[in-house]
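The values are calculated or read from the model by the stated rules, or taken from the named source; none is laboratory data. In this text the structure is predicted, and so the values were computed from the model without any measurement. Glycine also receives a Cβ, built like all others from the backbone with ideal geometry; neighbour counts cover every protein chain displayed. Note: accessible area is taken over every heavy atom of the protein model, side chains too, but ligands, DNA and RNA are not part of it. Shrake-Rupley method; radii C 1.70, N 1.55, O 1.52, S 1.80 Å.
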Amino acid sequence: MIEIIFESIPSFWPEITLSLTFVISMIVEFIVGGKGKKSTGMTTGLIVLLGFTVTILQMPFQDLEPRLLFGTMITLDPFAAFFKYLIVAAGIIVIVFSMQSHEVRRQETVGEFFCFIAAMTFGMFLMAGASNLLMIYLSIELVSLSSYILAGFSKKLKRSGEAALKYVLFGGAASGVMLYGMSLLYGLTGALDIYSIQSTLAAGMVVDVHDWSFVVLMLSIIMILVGFGYKISAVPFHFWTPDVYEGAPVSVTAYLSVASKAAGFAVMVRFFYVAFFDSVLDLGKWGSLPLVDWNMIIALLSVLTMTLGNVVAIWQDNLKRMLAYSSIAHAGYIMMGLVVMSDLGLTAMLAYFVIYFFMNLGAFYIVMSVADRIGSEHIDDYRGLGKRAPVIGVGFSIFLVSLTGLPPLAGFIGKWMLFSAVIEAHYIWLAVIGVLNSAISLYYYARVFRNMYLREPLNGDESPITFSPLVIVITILFIIPNIIFGVYFGPLISYAQRSVELFLQ
Amino acid sequence: MIPHVLNVVLFLPLIGAAAVMLARRSDSAARWTGVVFSLLTFVLSLELFFGYDANNPAMQFVEKVSWIPALNVSYHVGLDGISMLLVVLTTFITPIVLISSWSSITKNVPLYIAMMLILETAMIGVFSSLDIFLFYVFWEMILIPMYFIIGIWGGKNRIYATVKFFIYTMVGSLLMLIAIIWLGYYASTMPGGEFTTDITMLFDIAPTIPLGIQGWMFAAFALSFLIKVPAFPLHTWLPDAHVEAPTGGSVILAGVLLKMGTYGLIRFNLQLFPQASLEFASFLSVLGVVGIIYGALVSMVQKDVKKLVAYSSVSHMGFILLGLFGVTVTGLQGGLIQMVNHGLSTGALFLIVGMIYDRRHTRMIEEFGGLARQIPIFATFFMIVTLSSIGLPGLNGFVGEFLILLGSFQSDVLGSPWYVVFAASGVVFAAVYMLWMYQRVVFGVSRNPENEKLSDLSIREIGLLLPVVLFIVWIGVYPSTFLDKTESSVQRVVEKLEKVQRGEYLTTSVSEQ
């Protein structure tokens, strides 16, 4: 046993670094921090930033030959590494955001904030590779617990407290249901790691279609799906999302909407891709689960998710809340890649995540900077912003157009890949619903740049709003990939393809 | 010969837009930069016209560079007679538009000029793309500048108009996107095939698609293009967009943007899906005829000159639709020359309406009257353009409409003279609403004392209209200059369709069925 652990440790350095980052930052915060010492809070932030940087620098030196670590607990393959890069990069960006955000800096406990970002990042790293029911559950819980605290971080704000409480209640219920589903699956197969579950199910010994055992199996999968659905905020498990996204500090919202969602998709893909793949009778994806058309179920979830997200977003006047619903819609689009369960579908998902990373973080960054500057997230306060703050206006428009999926911006490529995947698998109707949703989304994204450019400011105030050079530079840094990936995306797709090819099955 | 002339023509306006935005010192500097770049583009594009070999039906000026190997997408552009003519129309109209807004656009001038130049690149790109992916990128690139042109510099109801324009075109083009991807995957199912978006390859592959699927793809493409044309009953965005757009925006919209729809129908629907085209030909021709009559009748009751011209576009574009789906060389040639005609005449009408609006700040017919005595030069130009729009023999409109009617009459695909009978009534209606409007505006007694203070056209305005009128007469008297250039390309399109109709175009699917 102990040998297995020692063998695995060299492949586990990034995660070890992250957990050390968490522990060290916590200790520093306890020793030198305290009430009213905001400067030490920033020190903690810098420690976490350093830890993340070391992590990301270690990752290219990892041997990505697909293999299992710690017995069957964690899988290390390029697919997991892809998500880890995304997660830690988002982590670094969120720390940078938070250090600028008044919302976060004003808090007395700002040091702890950064500690929990580290804990959450560590949890998401585990999620990206988790291949054992226990590890899946533990990693999701680690991420959830940290994010409950982060969501309620603005203690004095009522909506923040409400958000955290809702999050805890929904999260608790969802993970309870998932755990129950997992225990049923364990009871049926006697195995905890998804590879053994796969071989047991594929052998066809434990489950009989004409028996109650089949019903139990279906039930367990639906219950596990609830847990995953909650994590990626798929309809109908999305109810916490708008409140939490609105109540949490913007930087946390940005992190939840990009990294936490990515990690949720990573673990969901790995679970469904591996556990129910029939390698014995060669029935392919979902081969071990006959009778039910699971592709159709996920397709319906995807349709519900994108449609609800887009339709409700139309009515939102608070931009944070609008982006919350838009991120629900984007989860719906990404699920289209899961529907077809093909390599192309996975490639499209990965490529979409990279693009989504840049466009969504950019949009949240603008909302955060503007809120810091004018103290409002309301759409009417964005009137005339295009003239009053040109770079911010252009940047926000580019992120929103990219989110809509219009060429020549990156978002179009993401959509192109996803639609390609579903059309290749002959789900034309799904693609049609997807594009109609894009048209709906155009309406509410356009509302924002309509306010920024076509409408006069609310009280006739046309004085320029100045932003610090740092804000301008960061905005431009987000604009560049949105344009580059729109016109030159070959390397991105090749990288995503390579990450999918070596998926450990 | 200028090397890579098509690339230069395509990207020069974009460089101009960047130059305008970077050197936004003063409004007049921006205006001059814009005009210089657009005129230079026009001069260079003459090389496309004169250098085009009319006897060679294949694509010319071809440029091909691999762009995204992972998706087998390449930067592939080239022109045949059809697209060459439209590219030159675009480069001809853009400087006119920029000069026309010299004094009427005063707000945020550099942005306006830049948007127009971006639009020019996108439009040339749409006409010259030989890769559907590239085509789609240019096609969607139109939306953003057009959104801002109407939205920032437009009239009172501009926001409503922009949203309507945006949503209409977006729904259409997104469904086309699905068809594009679907088509690409269909190509990969061919023996030895791979995913492709290259039109020259798809021209051979797409016609073999079974009719059931071909019909859906045809419908998706056609919906997008018919919205753009706009064909009845998808035209409702057009009057709003036209009325709210600034003069320059209206001219570009009528002059070039609407042609993207009819061009798309020729290039994609007719050439990629010949069987489905034959199936849908009579349906689309009926839409065309309904559009002709409906547009004319609605024009008749308009009180606003600009709205009248906007609805007359619906009528004229109906003629083009009829010409295309008669699927005869004569009809297609007529449709093609009518695209140019409509760009010139309706573009000029919008310019004229803009000129009078700049002076009087109203476009209501009842406000005018007796202008002939006050501003005779204006009235003369207005007369020529009006007559051209009606289709008076000797001017351009006649050539186009005559060829279209003749082509539809000869058409085996339509096989009925009734199309022509109804369409020809549109010509009569056109005379009624245009001349009636002209009479009320220009002749009679002035109904508003302000009309007596009007000043006649300036040298700049005459300079704008003169080249347009020159081409209006040229095409009317000697259309062969242009028709000769397009004939072989049109013939190739029609020959393919005729082969399909006779069942000679043996395809896998046909033999299977």
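The table below gives the values:
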| quantity | calculated |
| --- | --- |
| Efficiency of FRET from Cβ geometry, B:Ile167 and B:Leu466, R₀ 25 Å, rounded to 0.05 | 0.05 |
| Alpha-carbon Rg/Rh ratio, for the protein assembly as shown, with Rh computed the Kirkwood way | 1.02 |
| Residues listed by number, segment A:473-502, amide nitrogen under 17 Å from A:Glu65 label point at 7 Å toward C-beta | A:502 |
| Burial of 10 Å² or greater, segment B:161-179 residues [accessible area, probe 1.4 Å, versus chain by itself] | B:Val163, B:Phe166, B:Ile167, B:Met170, B:Val171, B:Leu174, B:Leu175, B:Leu177, B:Ile178 |
| FRET E, pair B:Leu435, B:Asp358, Förster distance 30 Å, beta-carbon r, rounded to 0.05 | 0.80 |
| Label-point separation, A:Lys387 to A:Leu291 (7 Å along Cα→Cβ), nm | 6.7 nm |
| A:Gly204 long-range amide H proximity, modeled H, under 5 Å | none |
| Stokes-Einstein D in µm²/s, Kirkwood radius over Cα pairs - segment A:304-505 at 37 °C with 0.692 mPa s viscosity | 189 µm²/s |
| Long-range HN-HN contacts of A:Leu69 with modeled amide H, under 5 Å | A:Ile74, A:Thr75, A:Leu76 |
| Across A:Lys158/A:Lys261; B:Lys228/B:Lys485; A:Lys158/A:Lys231; B:Lys259/B:Lys303; A:Lys415/B:Lys156, pairs whose alpha-carbon gap is larger than 29 Å | A:Lys415/B:Lys156 |
| Share of carbon and sulfur in the accessible heavy-atom surface of the protein assembly as shown [1.4 Å probe, %] | 68 percent |
| R0 of 35 Å, Cβ-Cβ distance B:Lys453-A:Ile374: FRET efficiency to nearest 0.05 | 0.15 |
| Dipole of segment A:304-505, positive direction: furthest Cα of A:Ala389, A:Thr347, A:Pro408, with charges on the beta-carbon | A:Ala389 |
| For B:Val73, distant residues with modelled amide H under 5 Å away | B:Trp67, B:Ile68 |
| Pairwise Cα inverse-distance average, inverted: Kirkwood Rh of segment A:1-92 (Å) | 14.6 Å |
| Residue-by-residue Karplus 3J(HN,Hα) for segment B:244-252, coefficients 6.51, -1.76, 1.60, Hz, glycine and proline x | 7, 5, x, 3, x, x, 5, 5, 5 |
| Size of charge dipole - chain B - debye, nearest 20, with Cβ of Lys, Arg +1 and Asp, Glu -1, no other charges | 1500 debye |
| Table column - 3J(HN,Hα) (Hz), segment B:94-106, Karplus curve with 6.51, -1.76, 1.60, x for Gly and Pro | 4, x, 4, 4, 5, 6, 5, 8, 3, 10, 7, 9, 10 |
| Area projected by the alpha carbon convex hull of segment B:34-187, averaged over all directions, nm² | 10.7 nm² |
| Dimensions in Å of segment A:154-309 - Rg and Dmax from alpha carbons | 17.6, 59 |
| Net charge dipole size for chain A [Lys, Arg +1 and Asp, Glu -1 on Cβ; Debye, nearest 20] | 1580 debye |
| Pairwise burial B:A, computed as accessible area of each alone minus the pair, summed, 1.4 Å, Å² | 3200 Å² |
| Karplus-derived HN-Hα couplings along segment B:480-495 (A = 6.51, B = -1.76, C = 1.60, θ = phi - 60°), whole Hz, x at Gly and Pro | 4, 3, 9, 4, 4, 5, 9, 4, 5, 5, 5, 4, 5, 4, 5, 4 |
| Cut-off 15 Å, label 7 Å out along Cα→Cβ of B:Ser103, residues of segment B:374-389 by amide N | B:378 |
| Loop-located trypsin sites (Lys or Arg not before Pro) in segment B:80-174, at most 10 other Cβ atoms within 10 Å (DSSP) | B:Lys107, B:Lys156 |
| Rg/Rg_ref, segment B:288-504, where Rg_ref = 2.2 N^0.38 Å and atoms are Cα | 1.10 |
| Chain lengthening between A:His426 and A:Leu20 when straightened (0.36 nm per residue, less Cα-Cα) | 141.4 nm |
| Separation in nanometres of the label points that stand 7 Å from Cα toward Cβ, at A:Ser463 and B:Ala18 | 3.7 nm |
| Per residue, in Å², the accessible surface of segment B:288-504 once ligands and nucleic acids are set aside, probe 1.4 Å | 37 Å² |
